[in-house]
1. Leaving ligands, DNA and RNA out of it, report the carbon-plus-sulfur percent of the accessible area of the chain at a 1.4 Å probe.
2. Below 19 Å, Cα to Cα, which lysines can residue 24 reach? Residues fewer than 8 away in the same chain don't count.
3. Fully extended, how many nm does the chain gain between residue 26 and residue 72 (0.36 nm per residue separation, minus their Cα-Cα distance)?
4. Stick to the Cα atoms of the chain, pair each with every other, and give me the Kirkwood hydrodynamic radius in Å at one decimal.
5. Which values of log₁₀ I(q)/I(0), to two decimal places, follow from the Debye formula for region 36-83 at q = 0.19, 0.25, 0.33 Å⁻¹ with a uniform point scatterer at every Cα?
6. How large is the convex hull of the C-alpha atoms of region 8-51 per residue, in Å³?
7. Say each of residue 44 and residue 14 gets a label point 7 Å from the Cα, pointing the same way as Cα to Cβ; how far apart are those two points in nm?
8. So what are the ³J(HN,Hα) numbers for region 16-21, from phi and the Karplus equation (6.51, -1.76, 1.60; θ = phi - 60°), rounded to whole Hz, Gly and Pro as x?
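The values are calculated or read from the model by the stated rules, or taken from the named source; none is laboratory data. Values in this document were obtained by computation on a predicted structure and should not be read as measured data. We place every Cβ from the backbone using ideal geometry, glycine too, and count neighbours over all the protein chains shown. Surface accessibility is based on the protein's heavy atoms, side chains included, excluding ligands, DNA and RNA. Shrake-Rupley method; radii C 1.70, N 1.55, O 1.52, S 1.80 Å.
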Amino acid sequence: MKHRSRAESKQQQAYIATVVAALKHDPSKLAIIRHNLAYYRQQTFLKKGFLLAIERFDWVFAACNDVDEICAQICADDYIGKRLRRYPLLYKGVLNETM
(Lines give C-alpha, C1' and ligand atoms only; values in the text may rest on other atoms or scores of the structure.)
Protein backbone atom coordinates (compact mmCIF):
# COMPACT_ATOMS: atom_id res chain seq x y z
CA MET A 1 0.00 0.00 0.00
CA LYS A 2 1.46 3.32 -1.05
CA HIS A 3 1.33 6.28 1.28
CA ARG A 4 0.23 9.45 -0.47
CA SER A 5 1.50 12.64 1.01
CA ARG A 6 -1.05 15.36 1.42
CA ALA A 7 -0.30 18.64 -0.31
CA GLU A 8 -0.40 21.70 1.91
CA SER A 9 -3.19 24.13 1.13
CA LYS A 10 -2.48 27.73 0.17
CA GLN A 11 -4.21 28.80 3.39
CA GLN A 12 -1.95 26.55 5.48
CA GLN A 13 1.16 27.82 3.66
CA ALA A 14 0.09 31.43 4.26
CA TYR A 15 -0.57 30.74 7.94
CA ILE A 16 2.86 29.14 8.45
CA ALA A 17 4.53 32.01 6.59
CA THR A 18 2.78 34.49 8.90
CA VAL A 19 3.81 32.49 11.99
CA VAL A 20 7.44 32.35 10.82
CA ALA A 21 7.43 36.10 10.19
CA ALA A 22 6.00 36.71 13.68
CA LEU A 23 8.67 34.47 15.25
CA LYS A 24 11.47 36.25 13.40
CA HIS A 25 10.04 39.63 14.42
CA ASP A 26 9.71 38.60 18.08
CA PRO A 27 11.80 35.53 19.03
CA SER A 28 10.27 35.53 22.53
CA LYS A 29 7.18 33.99 20.90
CA LEU A 30 9.07 30.69 20.80
CA ALA A 31 7.99 30.44 24.44
CA ILE A 32 4.37 30.25 23.23
CA ILE A 33 5.23 27.20 21.11
CA ARG A 34 7.07 25.61 24.06
CA HIS A 35 3.99 26.28 26.22
CA ASN A 36 1.73 24.66 23.60
CA LEU A 37 4.02 21.62 23.39
CA ALA A 38 3.87 21.19 27.17
CA TYR A 39 0.09 21.64 27.18
CA TYR A 40 -0.58 19.08 24.44
CA ARG A 41 1.99 16.65 25.85
CA GLN A 42 -0.20 16.42 28.99
CA GLN A 43 -3.32 15.48 27.02
CA THR A 44 -4.37 11.86 27.39
CA PHE A 45 -5.80 11.15 23.96
CA LEU A 46 -3.87 12.55 21.01
CA LYS A 47 -3.39 11.12 17.56
CA LYS A 48 -0.08 9.39 16.99
CA GLY A 49 0.80 11.94 14.29
CA PHE A 50 0.25 14.84 16.68
CA LEU A 51 2.46 13.16 19.29
CA LEU A 52 5.15 12.68 16.64
CA ALA A 53 4.96 16.37 15.76
CA ILE A 54 5.47 17.28 19.41
CA GLU A 55 8.43 14.92 19.61
CA ARG A 56 9.96 16.41 16.43
CA PHE A 57 9.55 19.93 17.82
CA ASP A 58 11.33 18.80 20.98
CA TRP A 59 14.19 17.60 18.77
CA VAL A 60 14.33 20.94 16.95
CA PHE A 61 14.43 22.89 20.21
CA ALA A 62 17.09 20.54 21.60
CA ALA A 63 19.23 20.91 18.47
CA CYS A 64 19.14 24.69 18.25
CA ASN A 65 17.89 27.73 20.10
CA ASP A 66 18.32 30.27 17.30
CA VAL A 67 15.04 31.60 15.93
CA ASP A 68 16.34 31.64 12.34
CA GLU A 69 17.40 27.99 12.51
CA ILE A 70 14.09 26.99 14.07
CA CYS A 71 12.14 28.89 11.41
CA ALA A 72 14.28 27.29 8.70
CA GLN A 73 13.42 23.86 10.12
CA ILE A 74 9.69 24.70 10.20
CA CYS A 75 9.86 25.75 6.55
CA ALA A 76 12.11 22.88 5.43
CA ASP A 77 10.72 20.60 2.75
CA ASP A 78 11.76 17.47 4.60
CA TYR A 79 10.03 14.97 6.88
CA ILE A 80 10.43 17.03 10.06
CA GLY A 81 9.40 20.31 8.43
CA LYS A 82 6.28 18.75 6.98
CA ARG A 83 5.46 17.18 10.33
CA LEU A 84 5.87 20.53 12.14
CA ARG A 85 3.59 22.30 9.65
CA ARG A 86 0.86 19.68 9.73
CA TYR A 87 -0.56 20.71 13.13
CA PRO A 88 -1.35 24.46 13.34
CA LEU A 89 -2.51 24.06 16.96
CA LEU A 90 1.16 23.97 17.91
CA TYR A 91 1.35 27.64 16.88
CA LYS A 92 -1.81 28.74 18.70
CA GLY A 93 -1.27 32.16 20.24
CA VAL A 94 1.80 33.11 18.22
CA LEU A 95 -0.20 35.54 16.08
CA ASN A 96 -2.16 36.95 19.01
CA GLU A 97 -0.71 40.00 20.68
CA THR A 98 -1.84 38.96 24.13
CA MET A 99 -1.10 35.76 25.95
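1. Values: 3740 of 6810 Å².
Accessible surface attributable to carbon and sulfur in the chain totals 55 percent.
2. 92
3. Values: separation 46, 0.36 × 46 = 16.56 nm, distance 1.54 nm.
Here the answer is 15.0 nm.
4. Working: mean 1/r = 0.0717 Å⁻¹.
Kirkwood hydrodynamic radius for the chain: 13.9 Å.
5. The computed values of log10 I(q)/I(0) come out as -0.62, -0.94, -1.23.
6. Details: hull volume 3.3 nm³, N = 44.
Taking only Cα atoms, region 8-51 has a hull volume of 76 Å³ per residue.
7. 3.9 nm
8. Values, residue by residue: 4, 4, 5, 4, 4, 4 Hz.
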